[in-house]
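For reference, the structure discussed in these notes is given below.
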Amino acid sequence: MLTNGLARHAHALAAALLLALLAGCGSQRTQAPPPPPDVVRSEIMRLLPASVPDRKGWATDIYTAFDAQKIDPTVENLCSVLAVAEQESNYQVDPAVPGMGKIAQDEIDRRASKAHIPNLLVRSALDIRSPTGKTYNERLSAARTEKDLSAIFDDFIGMVPLGRTLFGNFNPVHTAGPMQVSIEFAEQQARGYPYPVEGSIRHEVFSRRGGVYFGIAHLLGYPVSYDKPIYRFADFNAGWYASRNAAFQSAVARLTGKRLALDGDLISYGFGPSLGQTELAVRSLHAQLGMRNPTIRSALEKGETLEFEDTDLYKQVFAMADKAAGKPLPRAILPGIVLESPKITRKLTTAWFAQRVEERRVRCMARASGALK
């Protein structure tokens, strides 16, 4: 039997080792010297389906993104990236979207109606010749990809007074590239981008190198404590930490008996002072938690960071929920979000997306050579 002093030392050492292990699991950043570039690029080419054109170019762009962001190029990480690219675009740099012209026309009509602009005025504006020599109507009818559409809206906003009235300075094309990454996210993550920017970050996202770089940043560029890659795939679709936050919402719902949307949004991101349902439910537990509303709010505002898991709110809610359930509850679940977009023609969910990507990741890993861990 250990003496008290030795026991305390052993416990401290065990705790330190556990924290180190968790830190390694929680972050995708490079912890050890990476393998040689040629080995990584060769493995990426092996992992890519044989049908993908310019596999060497894909391998170069993917390796550069991993290297620039200091993310470990493990087989799991590489296959996670390839699985998302395959699911989102089937490795097409600028994937075509069926009915793109009609989607754009519908968006213009929706915004015009909201702004009480007569339809005749909108049609007249679209009949104006754009900088390409074609009318905006002609270009909209011929649009096949988001890149086509983004260029049309850039011109329309800049050249036609009505365009600025409808859209302000905001191009309504929000995602782009082979991994369909958010352009707003890319603009926020532009620091450290390893290539010269041609035009704008928006334009870079439409390229393979830019789309891959920012897609990898969105998928792997933040630390998590997940035990399965599928939760990162759900986060890629629903937002960072959505899977962890959905599990927290589920625990809150169990404790309060309130029905909550398990969407990963811990606070309301709308306009005005209204509180979200999750925050209201947590506030109803203030007596059991021994917390005032400002303290609760402060903790929930950390919901887009790993630090939320270190808050007393997170720890106490799960301690209470585990006790009520008689067992440890999951710390991550797939969010219950129905995907909505003009590009989606059937009912899909974040869980469906994550599961499809996971299936592709598993198939990719079966192609691995063993050259990388």
In this structure, is Arg209 in a helix (DSSP H, G or I), over 18 Å from Thr305 (Cα atoms), of a type outside the set (Asp, Glu) and in contact with a strand residue (DSSP E or B) (Cβ under 9 Å, 6 or more places away or on another chain)? no
message = Going residue by residue through region 321-328, is there one that turns out to be crowded, with 16+ Cβ neighbours inside 10 Å and closer than 19 Å to Pro223 by Cα?
response = no
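Can you go through Tyr91, Tyr63 and tell me which one is under 17 Å from Val212 (Cα atoms) and either among the aliphatic types (A, V, I, L, M) or free of Cβ contacts under 8 Å to residues at least 40 places away in the same chain (or both)? So that I can check it myself, show each step before the final result.
On the way: Tyr91 fails: either among the aliphatic types (A, V, I, L, M) or free of Cβ contacts under 8 Å to residues at least 40 places away in the same chain (or both).
Residue meeting the stated conditions: Tyr63.
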Condition set touching a Lys or Arg at 6+ places or on another chain (Cβ under 6 Å) and surrounded by fewer than 21 Cβ atoms within 10 Å (Cβ to Cβ), scope region 82-97, selection nearest to Ala65 (Cα to Cα): answer is Asp94
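Might you check whether a residue that is outside any loop (DSSP other than H, G, I, E, B) and at pLDDT below 85 occurs anywhere in region 168-188?
In the first step, residues of region 168-188 are kept if they are outside any loop (DSSP other than H, G, I, E, B); the result is 175-176, 181-188.
From what is left, the residues that are at pLDDT below 85 are none.
No, region 168-188 contains no residue that is outside any loop (DSSP other than H, G, I, E, B) and at pLDDT below 85.
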Considering residues that are out of contact with any Leu (no Cβ under 9 Å at 6 or more places or on another chain) and at pLDDT 95 or above, the number found within region 325-362 is 13
For region 291-329, the count of residues that are assigned to a loop (DSSP other than H, G, I, E, B) and of a type in the set (Asp, Glu) equals 2
Checked pairs for region 97-126, first touching a residue at least 12 places away in the same chain (Cβ under 8 Å), second charged (D, E, K, R), C-beta under 6 Å and 6 or more apart or across chains, list as Val97/Lys343; Met100/Arg144
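Tally up the residues in region 218-246 that are under 13 Å from the mean Cα position of the chain (by Cα) and either among the hydroxyl-bearing types (Ser, Thr, Tyr) or not in a loop (DSSP other than H, G, I, E, B) (or both), please. Lay out the reasoning, then the answer.
The first filter runs over region 218-246 and keeps only residues under 13 Å from the mean Cα position of the chain (by Cα), leaving 218-222, 230-243.
Next, only the ones that are either among the hydroxyl-bearing types (Ser, Thr, Tyr) or not in a loop (DSSP other than H, G, I, E, B) (or both) stay: 218-220, 222, 230-238, 241-243.
Total satisfying the criteria: 16.
Of the residues that sit in region 247-281 and are assigned to a helix (DSSP H, G or I) and touching a Phe, Trp or Tyr at 6+ places or on another chain (Cβ under 9 Å), which one is farthest from Arg232 (Cα to Cα)?
First, the residues of region 247-281 that are assigned to a helix (DSSP H, G or I): 247-256, 277-281.
Keeping just the survivors that are touching a Phe, Trp or Tyr at 6+ places or on another chain (Cβ under 9 Å) gives 247-248, 251, 278.
Values: Ala247: 14, Phe248: 16, Ala251: 20, Thr278: 22 Å.
Applying the filter and picking the extreme gives Thr278.
Anything in region 240-258 that is over 18 Å from His286 (Cα atoms) and either at pLDDT below 95 or not basic (Lys, Arg) (or both)? List them, or say none.
Quick first cut of region 240-258, residues over 18 Å from His286 (Cα atoms) only: 240-247.
Correct list: Trp240, Tyr241, Ala242, Ser243, Asn245, Ala246, Ala247.
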Picked from region 118-150 (must be within 30 Å of the chain's Cα centre (by Cα) and not in a helix (DSSP H, G or I)), the residue surrounded by the fewest Cβ atoms within 10 Å (Cβ to Cβ) is Arg144
In region 241-264, anything touching a residue at least 24 places away in the same chain (Cβ under 8 Å) and either in contact with a strand residue (DSSP E or B) (Cβ under 8 Å, 6 or more places away or on another chain) or not small (Gly, Ala, Ser) (or both) is listed as Tyr241, Arg244, Asn245, Phe248, Gln249, Val252, Arg254, Leu255, Thr256, Lys258, Leu262, Asp263
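The values are calculated or read from the model by the stated rules, or taken from the named source; none is laboratory data. Predicted, not measured: the structure shown is a model, and the values here were computed from it. Cβ: placed from backbone, ideal geometry, glycine included. Neighbour counts: every protein chain shown.
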